[in-house]
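The values are calculated or read from the model by the stated rules, or taken from the named source; none is laboratory data. These numbers were taken from a predicted model, which means no experiment stands behind them. Here the Cβ positions follow ideal geometry from the backbone for every residue, glycine too, while neighbour counts run over all protein chains shown. With ligands, DNA and RNA removed, areas are computed over all heavy atoms of the protein, side chains included. Shrake-Rupley method; radii C 1.70, N 1.55, O 1.52, S 1.80 Å.
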2 protein chains.
Amino acid sequence: MTPRSHASRSITTHDVAAHAGVSQATVSLVLGGNPRARVAQATRERVVRAARDLGYRPNIVARSLVRGRSYTIGVVVPELSNPFFLDVVSGIQKVAVEAGYAVLLCDARDTSPGRHLEALRGRQVDGIVIDALGAESLPADALDGLEVVLVDEPSERWPGVASDAPGAGRLAAEHLLGLGHRRIAFVGPATDVHTFRMRERGFVARLREDGISLPSDWLRRAQPSIAAGQAAMRALLAMKDGRPTAVFCANDLLALGALKACLAAGVRVPAEMSLVGCDDIELARVVTPELTTVAVPARELGARAARILLRRLEKPSEPHKPQKPLPVRLAVRGTTARPQPETER
Amino acid sequence: MTPRSHASRSITTHDVAAHAGVSQATVSLVLGGNPRARVAQATRERVVRAARDLGYRPNIVARSLVRGRSYTIGVVVPELSNPFFLDVVSGIQKVAVEAGYAVLLCDARDTSPGRHLEALRGRQVDGIVIDALGAESLPADALDGLEVVLVDEPSERWPGVASDAPGAGRLAAEHLLGLGHRRIAFVGPATDVHTFRMRERGFVARLREDGISLPSDWLRRAQPSIAAGQAAMRALLAMKDGRPTAVFCANDLLALGALKACLAAGVRVPAEMSLVGCDDIELARVVTPELTTVAVPARELGARAARILLRRLEKPSEPHKPQKPLPVRLAVRGTTARPQPETER
DNA sequence: TTCACTCGCCAATACGTATTAGCAACTCCG
DNA sequence: CGGAGTTGCTAATACGTATTGGCGAGTGAA
């Protein structure tokens, strides 16, 4: 009899209207947002009471259709399995949910960003946050008519937020130099992600200021994963003519892999090898020794991105003023120490 | 002039209809799903071509409104920061996205499950997957009219999928007994989660079969987190009258905490202390030594839950036949070994 | 040619809400 | 008491798609 056999039809504004003895339009005026609508106080109360009595819940789908807004945003990240991105998402989600927006989460590792965007557009998302994914390289019209905010990926076309990536590299370099290291290697991701490039640039620049250059052998490229970090470290450890005393990894996953490789090879950390990561994911404090790393405010990054996006959705006209990069901070833990005095003969 | 200043209006079925010289209804018949609608092949092709030329993309919001289905499902998990749940979600997402459904993800740690459900209902989700969250304890009507599938939480009312939790406990016990351990402790979560209770039950039962009972001091309760596992292990290590030679932790996070506590206290793992976790999250292979654990097929769990849900959405009438629990598997790694010969005097 | 039937398309309507134009009643002021 | 202005509500319509009943044209049989 009912359209959906297993579900009692939902309460609509019409039901509330009938119950309160007013028209559907009035119900919509009272409940539908705009609080400064001209409705008598008494009527307002009758409607609110009726809605409560019946357990009315607005149908966001219908509302979306008429307003042309879905109150939903999309988030695209490179891979959720990296806890860093999960933190970013968590920051986004918190802000969005508080503002009444829902979040559709897309992992670029499952499905290509292009297809994710197709799906998101079909669902009429109002805007998108794209994290470290090279929005420029998407099909030109894939983002037309959408508000977009980028995280850790600069662009002329869209606003964004970023952490101080060169600063992160500098901090790591400074720390290792301060401990007395001169033989320093770098493990950076092979993929061309802006943040990683900048971390590298800051790191190398700071080394150079102290007259230290990175032999090309000591600049390893790897996928940003634990396994790849492990492999890169193994390669470094196997070097014939002396190994570095310290390694900076462009993110924590790489550093964790490096740490694992050291421990597996019987290389003591930090006595024989100092390691610095970047991001400060929760994992950094799970391993033993705890990972020295450059802390990046992931949640805050996400929260800010969401706030920018929501603000632009409310006032599309307002021009965007570029934000300062979020500061990073060195977290000194157990994987760094002074280099051992030269014992090689 | 246009309704939304920054966005060119989307292409609708009306536009396609005009372009193809047919009515909107015909366009809808061709593009709107039902492939066995009576439309001449030539017309069909004209419409498809027009749609392609114009870049038509169906407005899922409008479709949802008329069909009373949103092609969106909700997923509620206890906490995304536990990678196990992330894997479950990833399994759900994969199946759902392939079937054209979107997933709204809710972390019960941000916001209470009740409020999440409110938000999900407002968005007219068609169904929900609830993971290990005691759906029974929700407000009675919170799930009315929704299809629900539970993960790792049995219920008379809704279908579900689960892993073989007692089996996991038994496997862990068997492994430790096989190595010769007799002084065995257990760290289980304090929260009343069915899966955890069952893991404990299977574990204790198997020990009892070998005539071993768990002194109440050696049955520690903790929040299912790394920090809590660490604290629980510290407590075990501080025991006056002899400590256990092996500990089974009800999930990997606890085990990782326990491992950390051992290493921090200078207790060698596995020489002086064997540790077994449960879940087999990726992290288990990051720490050194790698964690011996009972592998639970998280992604598969999620995928099955999603398949059940989608199937019920397609044919609501079909009765659900209970599934067998998914088998678990012991992954022997580096944190377990034979106990040291008694060296205490 | 006529009747019965099928095929292919379309007009009309529904979904639940937001929004606007406008009507009726009332207030205020001269 | 008449006109202008305000207040409080409603009727009507729109959003973009799905769906159905029905209509004209075509086909085949008699």
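Might you let me know whether the range A:215-225 holds any residue that is free of Cβ contacts under 8 Å to residues at least 12 places away in the same chain and polar (S, T, N, Q)? Within the range A:215-225 (the criterion being free of Cβ contacts under 8 Å to residues at least 12 places away in the same chain and polar (S, T, N, Q)), the answer is yes, since at least one residue qualifies. For the range A:105-124, how many residues meet the condition of being part of a helix (DSSP H, G or I) and at the interface with another protein chain (Cβ under 7 Å from one of its Cβ atoms)? Selection size over the range A:105-124: 3. Taken over the range B:263-308, the criterion of being in contact with a Leu (Cβ under 7 Å, 6 or more places away or on another chain), aliphatic (A, V, I, L, M) and open to solvent by 30 Å² or more (accessible area, probe 1.4 Å) is satisfied by B:265 alone. Only residues that are surrounded by fewer than 23 Cβ atoms within 10 Å (Cβ to Cβ) and either away from chain B (no Cβ under 13 Å) or within 28 Å of residue B:253 (Cβ to Cβ) (or both) were counted in the range A:309-321, giving 3. Among the residues of the range B:124-142, the ones that are of a type in the set (A, V, I, L, M), under 19 Å from the mean Cα position of the chain (by Cα) and at pLDDT below 85 come to 2 in all. Keeping to the range A:125-139, report how many residues are open to solvent by 10 Å² or more (accessible area, probe 1.4 Å), within 24 Å of residue B:100 (Cα to Cα) and in a helix (DSSP H, G or I). Matching residues across the range A:125-139 total 0. Does residue A:165 count as open to solvent by less than 30 Å² (accessible area, probe 1.4 Å), touching a Ser or Thr at 6+ places or on another chain (Cβ under 6 Å) and modelled with pLDDT of 95 or more? So residue A:165 fits the description; yes. When the range B:40-71 is filtered for residues that are more than 8 Å from chain A (Cβ to nearest Cβ) and of a type outside the set (D, E, K, R), the ones remaining, listed by number, are B:40, B:41, B:42, B:43, B:47, B:48, B:50, B:51, B:54, B:56, B:66, B:71.
Here's the yes/no breakdown for (1) assigned by TED's automatic domain parsing to the domain that holds residue B:90; (2) touching a residue at least 24 places away in the same chain (Cβ under 8 Å):
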position: B:247; (1), (2): no, yes
position: B:255; (1), (2): no, yes
position: B:272; (1), (2): no, yes
position: B:275; (1), (2): no, yes
position: B:291; (1), (2): no, yes
position: B:304; (1), (2): yes, yes
position: B:311; (1), (2): yes, no
position: B:314; (1), (2): yes, no
position: B:337; (1), (2): no, yes
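Restricting the range B:56-70 to residues that are more than 12 Å from DNA strand C (Cβ to nearest atom) and crowded, with 20+ Cβ neighbours inside 10 Å, the residue that is nearest to residue B:13 (Cα to Cα) is B:56.
Restricting the range B:19-47 to residues that are exposed (fewer than 13 other Cβ atoms within 10 Å of the Cβ), over 45 Å from the mean Cα position of the chain (by Cα) and not in a helix (DSSP H, G or I), which is nearest to DNA strand D (Cβ to nearest atom)? Selected residue: B:40. Do the conditions hold for residue A:53, that is, is it in contact with a helix residue (DSSP H, G or I) (Cβ under 9 Å, 6 or more places away or on another chain), away from DNA strand D (no atom under 16 Å from the Cβ), open to solvent by 30 Å² or more (accessible area, probe 1.4 Å) and acidic (Asp, Glu)? Considered against the rule, which asks whether it is in contact with a helix residue (DSSP H, G or I) (Cβ under 9 Å, 6 or more places away or on another chain), away from DNA strand D (no atom under 16 Å from the Cβ), open to solvent by 30 Å² or more (accessible area, probe 1.4 Å) and acidic (Asp, Glu), residue A:53 comes out as yes.
Is it the case that some residue within the range A:330-343 is under 26 Å from residue A:77 (Cβ atoms) and assigned to a strand (DSSP E or B)? There is at least one residue in the range A:330-343 that is under 26 Å from residue A:77 (Cβ atoms) and assigned to a strand (DSSP E or B). Scan the range A:72-84 for residues that are in contact (Cβ under 8 Å) with a residue 40 or more places away in the chain and either of a type in the set (S, T, N, Q) or away from every other protein chain (no Cβ under 11 Å) (or both) and jot them down. Listed by number, the residues that qualify are A:72, A:73, A:76, A:77, A:78, A:82, A:84.
Matching residues to (1) away from DNA strand D (no atom under 16 Å from the Cβ); (2) among the hydroxyl-bearing types (Ser, Thr, Tyr); (3) closer than 22 Å to residue B:140 by Cα; (4) not assigned by TED's automatic domain parsing to the domain that holds residue B:304:
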site	(1), (2), (3), (4)
B:63	no, no, no, yes
B:73	yes, no, yes, no
B:89	yes, no, no, no
B:93	yes, no, no, no
B:96	yes, no, no, no
B:109	yes, no, yes, no
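Residue B:217 passes all but one of (1) within 26 Å of the chain's Cα centre (by Cα); (2) open to solvent by 50 Å² or more (accessible area, probe 1.4 Å); which number fails? Evaluating residue B:217 over (1) within 26 Å of the chain's Cα centre (by Cα); (2) open to solvent by 50 Å² or more (accessible area, probe 1.4 Å) leaves (1) as the failure.
Taking the listed residues A:268, A:299, the one that is within 14 Å of another protein chain (Cβ to nearest Cβ) and under 30 Å from residue A:160 (Cα atoms) is A:299, with no other qualifying. Out of everything in the range B:183-210 that is free of Cβ contacts under 8 Å to residues at least 40 places away in the same chain and among the charged types (D, E, K, R), what residue ends up being nearest to residue B:127 (Cα to Cα)? That would be B:197. Which members of the range A:20-34 meet the condition of being more than 14 Å from chain B (Cβ to nearest Cβ) and either touching a Phe, Trp or Tyr at 6+ places or on another chain (Cβ under 9 Å) or within 11 Å of DNA strand C (Cβ to nearest atom) (or both)? Selection gives A:23, A:24, A:25, A:26, A:27, A:28, A:29, A:30, A:34.
Residue count for the range A:67-93 under the criterion of being hydroxyl-bearing (Ser, Thr, Tyr) and assigned to a strand (DSSP E or B): the result is 1. Among the residues of the range B:251-277, those that are outside any helix (DSSP H, G or I) and in contact with a Cys (Cβ under 6 Å, 6 or more places away or on another chain) comprise B:251, B:269, B:273, B:277.
Every listed requirement among (1) among the aliphatic types (A, V, I, L, M); (2) part of a loop (DSSP other than H, G, I, E, B); (3) away from every other protein chain (no Cβ under 13 Å) is met by residue B:294 save one, (2).
Residue-wise test of (1) closer than 18 Å to residue B:94 by Cβ; (2) at pLDDT 95 or above; (3) among the β-branched types (Val, Ile, Thr).
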site	(1), (2), (3)
A:34	no, no, no
A:60	no, no, yes
A:64	no, no, no
A:68	no, no, no
A:88	no, yes, yes
A:94	no, no, no
A:99	no, no, no
A:116	yes, no, no
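Among the residues of the range B:243-259, just one is open to solvent by 20 Å² or more (accessible area, probe 1.4 Å) and either closer than 21 Å to residue B:191 by Cβ or touching a Lys or Arg at 6+ places or on another chain (Cβ under 7 Å) (or both), namely B:245. Looking at B:112, B:23, just one residue is out of contact with any strand residue (DSSP E or B) (no Cβ under 6 Å at 6 or more places or on another chain) and modelled with pLDDT of 90 or more, and that residue is B:23. Specify the residue that is nearest to the other protein chains (Cβ to nearest Cβ); the eligible residues are those in the range A:94-104 that are part of a loop (DSSP other than H, G, I, E, B) and open to solvent by 20 Å² or more (accessible area, probe 1.4 Å). Residue satisfying both the conditions and the ranking: A:100.
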